[in-house]
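No value in this document is a laboratory result; all are computed from the given coordinates. Since we're looking at a predicted model, the values are computed, not measured. For neighbour counting, all protein chains shown are included, and Cβ atoms are generated from backbone atoms with ideal geometry for every residue, glycine included.
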Amino acid sequence: MNLQHVNVKLLLAGPAEVNLDPLIPVFHSWIRDKVSDELLLDIRRDLDRQLAPYRRKMTAAQMADLERRYTQKRLFEAAGVPRLSLFYLS
């Protein structure tokens, strides 16, 4: 996958806890726009194969949330983007 490297710096007024959750959709949409259709198809196939035994036991909302989180995780892995929870501010 041919993605650009992006540096993100947050400037804080003081030593406060920072909520990085709003940044996740930004990274996700950027990666999704840059990724190949083949990789998205592979992720979808893998997801369908792994969830097949559980589809009847889950609600539509649960399935949609799980599909969103799984796709996001796999795209972040493919792009080499670490989970935001692994960033430490100093």
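Structure summary
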{"quantity": "P(r), alpha carbons of segment 28-78 - 10 Å bins starting at zero, rounded %", "calculated": "24, 53, 22, 1"}
{"quantity": "Lysines whose Cα lies under 19 Å from that of Lys34, excluding same-chain neighbours fewer than 8 positions away", "calculated": "Lys73"}
{"quantity": "Cβ charges +1 (Lys, Arg) and -1 (Asp, Glu), total dipole of segment 28-78, debye", "calculated": "280 debye"}
{"quantity": "FRET E, pair Ser36, Leu11, Förster distance 30 Å, beta-carbon r, rounded to 0.05", "calculated": "0.30"}
